[in-house]
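Take a look at the structure below.
The values are calculated or read from the model by the stated rules, or taken from the named source; none is laboratory data. As the structure is a prediction and not an experimental result, all values here were calculated from the model. Backbone-built Cβ (ideal geometry, glycine too); neighbour counts: all protein chains shown.
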Amino acid sequence: MREIKPYHIQSIVKDAGFGGTCPIIVKANDKEYVLKTRDDGVNPRSLGIFNELLAYQLLDYLNINIAPQEVVYLYIDDDFIEMANIAQQEGLIKEESYDYIKASEGFNIGIEYLHNAMEPLNETITNKNFIKDISHIDNYIMNCDRAKSNINVLQDKLNQRKYYAIDFGNALADGECYKHIQSGNTTIFSAFHECNATLSGRYIFREDVKRLVKRGRYIKENIANIRSIISDIIDNFPPDWEPLAYKNEIVEVISQRIKSRKIFRVTPSSKCQCLY
């Protein structure tokens, strides 16, 4: 698993120009990162960055090399909130970005800003291995937030066969699974254990998944080891991130999905909560 280093933010570079959570580009440790905040206006508090970090760590554990960009912790304190206030007044960042920053004191995350990447040409991915890899991680964590209007994939400017997966914040079925966990509705787990999230009508790779991913990867480790690994991953997250209160339930859902190949069946379950 990758080491997540903590940094204070040196400066604000610009508005990111994309994303419903209004991220911004900042500089820390003399590098540029996309700042993702605990409060993002979309997900329950801290869930978006929890999902993001979990996805990157699971990609390393599963040896899926589609998102090599560095991930760091970025600390928001009073000084940075004041910096963001000035940036908002000067029109450098949106008012929504400032509001999310102001409500996100503590550890947030930064994703390495890729200067050598662009939106995919014609919104088309030509690398079949990349499609198979991204559909695996998206299905494991129930992330179908890849629509034609917002594919959440970047393409290398020089090597156009190379792509980068980004933005896993809407995992856990756009937070629907998490809301069931919060409410104590554990009877819903059976549906989330077997649902094929990549068959959602808005998932841009849906037809590719039907052709390319019939059975899913075979994971050698037993379910107890998978649970232990995911538990260890989450134990290293900042303890005040709210989803950690439901660690055991999240570990159970994700570990069951990683071990099961049933989630890659072509016919979606009528009980599937990811296909609403």
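Structure data summary
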| read-out | value |
| --- | --- |
| First in the stretch 45-67 and more than 16 Å from Asn139 (Cβ to Cβ), second anywhere and in a helix (DSSP H, G or I) and of a type outside the set (Gly, Ala, Ser), Cβ under 7 Å, 6 or more apart | Arg45/Glu242; Ser46/Glu242; Ser46/Pro243; Leu47/Tyr178; Leu47/Pro243; Phe50/Pro243; Gln57/Ile233 |
| Enumeration of residues in the stretch 1-16 that are part of a loop (DSSP other than H, G, I, E, B) and either of a type in the set (Val, Ile, Thr) or in contact with a strand residue (DSSP E or B) (Cβ under 9 Å, 6 or more places away or on another chain) (or both) | Arg2, Ile4, Lys5, Ile9, Gln10, Ala16 |
| The stretch 129-155 - residue that is touching a strand residue (DSSP E or B) at 6+ places or on another chain (Cβ under 6 Å) and in contact (Cβ under 8 Å) with a residue 40 or more places away in the chain and, of those, farthest from Arg227 (Cα to Cα) | Leu154 |
| Test: Ile131 is buried (at least 16 other Cβ atoms within 10 Å of the Cβ), in a helix (DSSP H, G or I) and in contact with a Leu (Cβ under 7 Å, 6 or more places away or on another chain) | yes |
| Given (1) under 30 Å from Asp240 (Cα atoms); (2) among the acidic types (Asp, Glu); (3) not assigned by TED's automatic domain parsing to the domain that holds Ile230, index of the condition Asp145 fails | (3) |
| Count of the stretch 38-59 residues which are touching a strand residue (DSSP E or B) at 6+ places or on another chain (Cβ under 9 Å) and more than 18 Å from Leu74 (Cβ to Cβ) | 1 |
| Inter-residue pairs, beta-carbon under 7 Å, first assigned by TED's automatic domain parsing to the domain that holds Thr37 and in the stretch 93-110, second small (Gly, Ala, Ser) and surrounded by fewer than 20 Cβ atoms within 10 Å (Cβ to Cβ), 6+ apart | Glu96/Gly41; Tyr100/Gly41 |
| Conditions (1) in contact (Cβ under 8 Å) with a residue 60 or more places away in the chain; (2) exposed (fewer than 14 other Cβ atoms within 10 Å of the Cβ); (3) over 30 Å from Tyr218 (Cα atoms): number failed by Glu119 | (1) |
| Breaking point among (1) within 20 Å of the chain's Cα centre (by Cα); (2) farther than 30 Å from Arg227 by Cβ, for Glu95 | (1) |
| Filter pass, Asp138 being over 30 Å from Pro239 (Cβ atoms), in contact with a Phe, Trp or Tyr (Cβ under 8 Å, 6 or more places away or on another chain) and among the charged types (D, E, K, R) | no |
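So that you can scan it fast, the table gives a plain yes or no per residue for (1) of a type in the set (Gly, Ala, Ser); (2) at pLDDT 90 or above; (3) under 30 Å from Asn129 (Cα atoms); (4) part of a helix (DSSP H, G or I):
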residue: Cys177; (1), (2), (3), (4): no, no, yes, yes
residue: Arg227; (1), (2), (3), (4): no, yes, yes, yes
residue: Asp232; (1), (2), (3), (4): no, yes, yes, yes
residue: Tyr246; (1), (2), (3), (4): no, yes, no, yes
residue: Val251; (1), (2), (3), (4): no, yes, yes, yes
